[in-house]
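The structure appears right after this line, and notes come after that.
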Amino acid sequence: MSDNNLLSPNSAPHSDVEDIKRRSNYLRGGLAETLKDPITGSIPEDDNRLMKFHGSYMQDDRDLRNERNKQKLEPAYQFMLRVRAAGGVVTPPQWLMMDRIAQQYANGTIRLTTRQSFQLHGVIKWNLKQTIQEVNEALLSTLAACGDVNRNVMCNPNPDQSEVHAEVYEWAARVSNHLDPRTRAYHEIWLDGEKVLDSLESDAAEQEPIYGPVYLPRKFKIGIAVPPSNDVDVFAQDLGFIAIIEEGRLKGFNVTVGGGMGMTHGDPKTYPQVAQVIGFCTPEQIIDVAEKTVTIQRDYGDRSVRKHARFKYTIDDRGIDWFINELSERLGWKLEEARSYHFDHNGDRYGWVKGSNGKWHFTLFIQNGRIRDEDHYLLMTGLREIAKVHTGDFRLTPNQNLIIGSVNSQNKKEIEELINEYGLTDGIHHTALRRNSMACVALPTCGLAMAESERYLPTLLDKIDPMLVEAGLQDEEIVIRMTGCPNGCARPMLAEIAFIGKAPGKYNMYLGGGFAGNRLNKLYKENIGEEEILESLQPILFHYAKERQDSEHFGDFVIRAGYVKEVRNGQEFHS
Ligand code: SRM
Ligand code: SF4
């Protein structure tokens, strides 16, 4: 490999993060020393940038910020740790380990994320190394859970739903392994591995054959969907694959490129984008397509302006034809024409399902992915008790829910009893709107949050639910998502109803996303608080209840009824 990401075609000055990466000697920087500093619970900004590649972010408890400031104390620094597993599949012992370290080192809760990973919050600096070691002892990893690399590869979380699902999951795991960073820095810093490299001059091809010494310009995301479910929101991914199944066999994948959600309020140069389908590849070609696509973004992505560094902008700026040609050149062959496919939803399907191998899977509703014990709902304890007797696996869904997977017929009764004993639920007693809801973490941990999200959406839903009941829409599947800022972590721009935080208690309200995650929504009202949200939503829900056509989804209705205009691609999002 040439050292071409040091010589990006982009001649503008590189951003400071590029310099930090370049100087870091394959993600080492000063991290090993910094972690030992006994004086402060924080780490310097340069090292914090590198920490992300190792799966952790420095945060502070924002609920305590003002008070600590008044008392002239340093902020309550703490670290978020993201633990990834391709397709979100983990074993019961791994679950038990996550449970234990959440109690021992973090804030006693586990957060299931929108990309099928785990997050722990509240780990203090001096416990980080021990925590990461214990994660690795359980054969899980935090490496590349964050940072300018390929992130957790998403995949429909039902490997045993059919043989094809299992095969697709295997491909997701292989793509994920193939794109893992190869630097030994992670082992050296966290696992006390032998120090193998001291020199910046060492051969990039040997150290990081795919990424090179400055890694990617920005994060990169891959998801694989198995129609008719688009639970992974394939059109939100930088690179997506849509499994093509003919006569019960996996023929290959349609390839999608250039999706992404993040934007900045009021800055039309930033926008969410839906990915485009560019062709078809066979299963054996998927790794090559993934690798070459990543290298194109490595070489052509914008390294000067980080806001503009995502792959969606590389594609939009240079054109899809340019990308397809570049990809064909690097592959040495051309993608075939895309095959037909059909998605009919992007949410999860709850309750028991029997897989092709005779095993059972139970999808639990977990509100916004937060696993904790509350006074009258011992969710964390219930799952721990299940993990102790469960012989199958756990699967984190792309909608922040959890599947108790591969349950034997012999075990099913015992697991059902535990589900009942702890009141764990498939969400059937909730409105279908709540079952199709997602909210990002936001306050108090997320440093970028402008408004509440995870802590507020359930309360807002409590107020929307009676309207749904009154309108007779309680069982109507409508996708609703909320985020505390426009970075889009719960993929709100694809929801039929979305709220994106602007300021404390204020949200922009969006309508009209596609029910199958195939269309962006559009701004309906700006900067509104709860009262106006409810006042705005009520007449639309009643109108929908009265005048919707047969099987017309809410997102389609609001466009037909003229509440918002249809958005066909991201460039139209702000217009
Ligand atoms: Fe995200 C940054 C949480 C999925 C777009 N995201 C963050 C940070 C790390 C805040 C920060 O940079 O300081 C958040 C940590 C909050 C906390 O306290 O835990 C955060 N993102 C999350 C999670 C946990 C949300 C959740 O509630 O589940 C998701 C973890 C995924 C994982 O396991 O890997 C999460 N983030 C997403 C998604 C959805 C997806 O990937 O399918 C997106 C939109 C898709 C995309 O990337 O375009 C997303 N997160 C962002 C962005 C905007 C990137 C951009 O293009 O501009 C940021 C900000 C940034 O990178 O600068 C961000
Ligand atoms: Fe934080 Fe914004 Fe992501 Fe929510 S969407 S977790 S507020 S970065």
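The values are calculated or read from the model by the stated rules, or taken from the named source; none is laboratory data. Keep in mind that this is a model prediction, so the values were computed, not measured. Cβ atoms come from the backbone with ideal geometry, glycine included; neighbour counts cover every protein chain shown.
So that you can scan it fast, the table gives a plain yes or no per residue for (1) within 15 Å of HIS574 (Cα to Cα); (2) surrounded by fewer than 24 Cβ atoms within 10 Å (Cβ to Cβ); (3) within 16 Å of ligand 1 (Cβ to nearest atom):
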{"position": "ASP465", "(1), (2), (3)": "no, yes, no"}
{"position": "GLU470", "(1), (2), (3)": "no, yes, no"}
{"position": "MET482", "(1), (2), (3)": "no, no, yes"}
{"position": "ARG491", "(1), (2), (3)": "no, no, yes"}
{"position": "GLU496", "(1), (2), (3)": "no, no, no"}
{"position": "ILE500", "(1), (2), (3)": "yes, no, yes"}
{"position": "GLY513", "(1), (2), (3)": "yes, no, yes"}
- Query: Hey, any hits in the range 388-401 for a residue that's modelled with pLDDT of 95 or more, more than 29 Å from ALA225 (Cβ to Cβ) and hydroxyl-bearing (Ser, Thr, Tyr)?
  - Reply: no
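Results for (1) buried (at least 23 other Cβ atoms within 10 Å of the Cβ); (2) assigned to a strand (DSSP E or B); (3) within 16 Å of ligand 2 (Cβ to nearest atom), shown as yes or no for each residue.
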{"residue": "GLY87", "(1), (2), (3)": "yes, no, no"}
{"residue": "TRP95", "(1), (2), (3)": "yes, no, no"}
{"residue": "GLN103", "(1), (2), (3)": "no, no, no"}
{"residue": "GLY108", "(1), (2), (3)": "no, no, no"}
{"residue": "ARG111", "(1), (2), (3)": "yes, yes, yes"}
{"residue": "LEU120", "(1), (2), (3)": "yes, yes, yes"}
{"residue": "GLU134", "(1), (2), (3)": "no, no, no"}
- Item | Pairs, first within 15 Å of GLN538 (Cβ to Cβ) in the range 456-475, second aromatic (Phe, Trp, Tyr), C-beta under 6 Å, six or more apart | ALA471/PHE542
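Does LEU239 meet the test of being surrounded by 20 or more Cβ atoms within 10 Å (Cβ to Cβ), touching a residue at least 12 places away in the same chain (Cβ under 8 Å) and in contact with a Lys or Arg (Cβ under 9 Å, 6 or more places away or on another chain)? Quick ask: steps written out before the conclusion?
Numbers: surrounded by 20 or more Cβ atoms within 10 Å (Cβ to Cβ): yes; touching a residue at least 12 places away in the same chain (Cβ under 8 Å): yes; in contact with a Lys or Arg (Cβ under 9 Å, 6 or more places away or on another chain): yes.
Here the answer is yes, as LEU239 does meet what is asked.
Considering PHE573, PHE499, PHE554, which residue is at pLDDT below 95 and in contact with a strand residue (DSSP E or B) (Cβ under 9 Å, 6 or more places away or on another chain)? Give the steps one after another, and end with the answer.
Values: PHE499 fails: at pLDDT below 95; PHE554 fails: at pLDDT below 95.
The conditions single out PHE573.
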- Message: Between ASP317, ASP288, ASP231, which is outside any helix (DSSP H, G or I), modelled with pLDDT of 95 or more and of a type in the set (D, E, K, R)?
- Response: ASP231
- Message: Return the residues of the range 447-462 that are of a type in the set (D, E, K, R) and either part of a loop (DSSP other than H, G, I, E, B) or crowded, with 19+ Cβ neighbours inside 10 Å (or both); say none if nothing qualifies.
- Response: GLU452, GLU454, ARG455
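Determine whether the range 336-344 contains at least one residue that is over 30 Å from ILE404 (Cα atoms), surrounded by 17 or more Cβ atoms within 10 Å (Cβ to Cβ) and either of a type in the set (A, V, I, L, M, F, W, C) or touching a helix residue (DSSP H, G or I) at 6+ places or on another chain (Cβ under 6 Å) (or both).
Scanning the range 336-344 turns up at least one residue that is over 30 Å from ILE404 (Cα atoms), surrounded by 17 or more Cβ atoms within 10 Å (Cβ to Cβ) and either of a type in the set (A, V, I, L, M, F, W, C) or touching a helix residue (DSSP H, G or I) at 6+ places or on another chain (Cβ under 6 Å) (or both).
Just name the residue that is farthest from TYR215 (Cα to Cα) out of those in the range 295-320 that are in contact with a Leu (Cβ under 8 Å, 6 or more places away or on another chain) and within 15 Å of ligand 1 (Cβ to nearest atom).
Keep residues of the range 295-320 that are in contact with a Leu (Cβ under 8 Å, 6 or more places away or on another chain), which gives 296-298, 301, 311.
From the residues that got through so far, the ones that are within 15 Å of ligand 1 (Cβ to nearest atom) too are 297, 301, 311.
Numbers: GLN297: 10, GLY301: 11, PHE311: 14 Å.
Looking at the filtered set, the residue picked out is PHE311.
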